[in-house]
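Enquirer: I'd like to ask you about the structure that follows.
Just so you know, all these numbers are worked out from the coordinates, no wet-lab data involved. Given the structure is predicted, the values throughout are model-derived calculations rather than measurements. When we count neighbours, we look across all protein chains shown, and the Cβ atoms used for this are built from the backbone with ideal geometry, even at glycine.
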Amino acid sequence: MPFYLAVLRSKLWFIAITTAVCVAAAFVYLSQAEKVYQAGADLLITPVPPDNNSLIGLGLPHESSDPLRDVETIARLIETPVVARRAVKELGLDLTPQGLLQKVSATPVASSNVVSVTARANDPDLAARIANTFARASVDQRTAQMHAQLDIVIPQLKRQIASLGPSNAVAREGLVASLRDLETLRALKDPTIRLETPADPPTSAIAPRPMLSVAAALVAGLIIGGAAVLALEFFDPRLRREEQLRRFRVPILARIPFETRGSKSKTPLLPTELSPSAHDSYLLLGATLSVDQPEERVRRSVLITGSDSGDGKTTSALNLATDLSTTGRVVLVDGDTRRPSLGRTLGVNGTRGLADVLLNRCQLSDALIEVNGSRMTTGRQTAGLQLLAQGNGGAPLSRVITPLSAASLIQQAHQIANWVVVDAPPLVLVPDALPLAKQVDDVIMVVRIGHTRLKALEELAELLVQQGITPAGFVLIGGRSPRPYYGVV
């Protein structure tokens with residue numbers, strides 16, 4: 001749960017935008033939607049008692065052991081196309097019977113003999129008129145059906161009475177009494193159903209409901225936004241938050257802010273191109289690496305790599321070396337012989353380089369190039385920064401390096417400088433510098449928010465574990481860095 005909460009917190013802005021869009025859509029809907037009014041009329045259902053046999057055969061509902069079933073039966077007989085056609089004719093509206101049925105419903109009222117006929121319309125008076133008309137049409141339709149049955153039964157009863165002789169006086173009197181009852185019923189409406197409570201025009205609309213619509217849009221926006229954030233978290237292949245690095249159980253040594261001035265450049269950024277916050281972050285990185293060393297004559301080597309090109313490893317190596325050079329001599333090794341860039345960035349070039357030293361063609365001191373301090377001006381004096389570049393016609397590192405030559409290189413560098421900083425290629429893609437990684441004191445992995453692929457980073461971590469290398473930590477490009485602090489001069 002804490003993980004999911006952290007993911008949601010990291011994209012609160014996205015959830016807020018999604019929620020705002022949903023709420024705005026709700027307001028647009030409310031401004032465009034027509035109001036719907038609902039009115040209801042009540043029909044009272046009175047089934048024929050079970051002991052009344054004179055009304056048998058007229059299609060009238062008789063009482064049963066389940067009164068609720070009797071009411072439900074009448075409700076189903078009310079909401080029919082036959083009743084709708086009668087109501088449409090009486091209303092005089094441009095509606096089909098099916099269209100009217102979509103606006104009307106007949107529902108039994110719980111634990112009663114009442115059927116509620118409700119109608120919906122865009123006008124309150126029209127809603128009441130439709131409900132009352134449909135209810136009356138229901139009564140009229142039931143009455144018409146009863147009258148049709150009576151028109152068949154009454155003539156038959158009259159013929160039966162006429163066929164009886166004087167000897168059947170008692171039977172004749174009973175039939176005559178039944179005839180009078182039926183003739184009386186013929187002049188009346190269906191006694192089992194009547195309009196009990198006519199509908200009145202409603203005073204308020206049932207739809208749209210502003211508060212409910214806005215609340216639903218708010219909840220929907222939160223759900224959609226949260227679901228989208230979680231989906232992106234699980235399907236996004238790139239590093240988006242520094243919390244995603246915790247799975248590697250390696251500390252974050254420095255958080256370097258993005259440098260917009262060089263974000264589109266494919267060349268490393270010089271110290272003069274960095275912001276004060278970035279300078280302070282690289283100073284913190286150097287201090288973190290040397291904190292456990294004696295104050296005098298620090299001798300330490302660092303290899304900087306990444307999981308892919310463009311993570312910012314070369315910029316990190318260059319600026320770390322520059323900041324370390326303010327307190328001691330530093331040898332910066334351009335170990336990315338597939339894509340060497342440090343010599344071009346620093347504006348230096350030498351005839352001898354890394355391959356010559358590894359092949360014992362020359363000593364390290366003869367291949368080092370002194371870096372011009374004017375190009376590295378950061379407001380601090382440097383004790384000395386020397387670059388071991390590729391050299392002219394240098395062979396790929398994989399063809400010349402061995403564990404022995406790598407150890408010899410680091411040993412020679414320690415005799416010359418306090419710090420050795422190696423800019424290595426992405427070891428997962430180009431394992432050329434693995435022998436150097438096994439000889440240095442610390443291996444640092446550079447990752448970049450929004451660029452580093454998590455899968456490639458996992459592969460790099462697995463490779464280092466396989467080689468018995470425990471990385472010192474991460475340099476996070478794009479991490480949360482503290483605001484620069486300046487005293488009052």
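Enquirer: Once the Cα atoms of helix 403-416 and of the chain are each reduced to a long axis, what angle between those two axes, in degrees from 0 to 90 to the nearest 10, is obtained?
Expert: 70
Enquirer: Moving on. Around Leu157, under 14 Å between beta carbons, what's the net of Lys plus Arg minus Asp minus Glu among the other residues?
Expert: Its environment carries a net charge of +1.
Enquirer: Oh, and also: How far is helix 210-235 tilted, in degrees, relative to the longest principal axis of the Cα atoms in the chain, given as a value from 0 to 90 rounded to the nearest 10?
Expert: 40
Enquirer: Relative to the longest principal Cα axis of the chain, at what angle does helix 454-466 sit, 0 to 90 degrees, rounded to 10?
Expert: 50
Enquirer: At 222 nm, what helix-only mean residue ellipticity would the chain give, in deg cm²/dmol to the nearest 500, using -39500 (n - 2.57) for each DSSP H run of four or more?
Expert: -14000 deg cm²/dmol
Enquirer: Over region 34-197, what relative contact order in percent results from Cα pairs under 8 Å that are six or more residues apart?
Expert: Value for region 34-197: 35 percent.
Enquirer: Which whole-number percent is the relative contact order of the chain (Cα, under 8 Å, 6+ apart)?
Expert: Relative contact order of the chain: 18 percent.
Enquirer: Apply 1/(1 + (r/R0)^6) to the Cβ-Cβ distance of Leu12 and Arg246, taking R0 = 22 Å, and write down the FRET efficiency to the nearest 0.05.
Expert: Taking R0 as 22 Å, the efficiency between Leu12 and Arg246 is 0.65.
Enquirer: On to the next question. Show which aspartates and glutamates lie in cross-link reach of Lys89 when reach means a straight Cα distance below 20 angstrom and same-chain residues fewer than eight apart are skipped.
Expert: Hits, sequence-local ones excluded: Glu79, Asp123, Asp125, Asp140.
Enquirer: For region 131-290, count all C-alpha to C-alpha pairs, find those more than 22 Å apart, and express that count as a whole percent of the total.
Expert: Within region 131-290, distances greater than 22 Å cover 76 percent of Cα pairs.
Enquirer: Taking Cα atoms of region 34-197, Rg/Rh with Kirkwood Rh, to two decimals?
Expert: 1.10
Enquirer: Here is the link list: Lys313/Lys455; Lys266/Lys438; Lys103/Lys189. Which ones come out longer than 22 Å on Cα distance?
Expert: Over 22 Å apart, Cα to Cα: Lys266/Lys438; Lys103/Lys189.
Enquirer: Another question, then. Between Ala25 and Ala187, what FRET efficiency comes out of the Förster formula 1/(1 + (r/R0)^6) with R0 = 41 Å and r the beta carbon distance, rounded to 0.05?
Expert: Taking R0 as 41 Å, the efficiency between Ala187 and Ala25 is 0.10.
Enquirer: Can you list residues whose amide H is under 5 Å from Arg448's amide H, if they're 5+ apart or on another chain and H is modeled 1.01 Å from N?
Expert: Ile477
Enquirer: So, in nm, how far is label Glu63 from label Glu458 when the simple model puts each one 7 Å beyond its Cα toward the Cβ?
Expert: Placing both labels 7 Å along Cα→Cβ, they lie 7.6 nm apart.
Enquirer: What does the charge count near Gln38 come to, summing +1 for each Lys or Arg and -1 for each Asp or Glu among other residues with Cβ under 15 Å from its Cβ?
Expert: 0
Enquirer: Related question: Using only the Cα atoms of region 239-477, each taken as one equal point scatterer with no solvent, compute I(q) by the Debye sum, divide by I(0), and report log10 of the ratio at q = 0.07, 0.09, 0.14 Å⁻¹.
Expert: -0.19, -0.33, -0.84
Enquirer: So what does log10 I(q)/I(0) come out to for the chain at q = 0.11, 0.12, 0.14 Å⁻¹, using the Debye formula with one equal point on every Cα and no solvent?
Expert: Evaluating at q = 0.11, 0.12, 0.14 Å⁻¹ gives log10 I(q)/I(0) of -0.94, -1.04, -1.24.
Enquirer: For the peptides 126-134, 23-31, 203-211, what is the packing order when you average, over each peptide's residues, the other Cβ atoms within 10 Å and list the highest mean first?
Expert: The most tightly packed comes first, giving 126-134, 23-31, 203-211.
Enquirer: Another question about this same structure. Could you tell me the relative contact order of region 48-106? Use alpha-carbon pairs under 8 Å, at least six residues apart, and round to a whole percent.
Expert: 26
Enquirer: What is the gain in length, in nm to one decimal, between Asp125 and Ala215 on full extension, counting 0.36 nm per residue of separation less the C-alpha to C-alpha distance?
Expert: Roughly 29.4 nm would be gained on extension.
Enquirer: In a shell of Cβ-Cβ distance under 11 Å around Arg194, excluding Arg194 itself, what net charge do Lys and Arg (+1) and Asp and Glu (-1) give?
Expert: Local charge sum for Arg194: 0.
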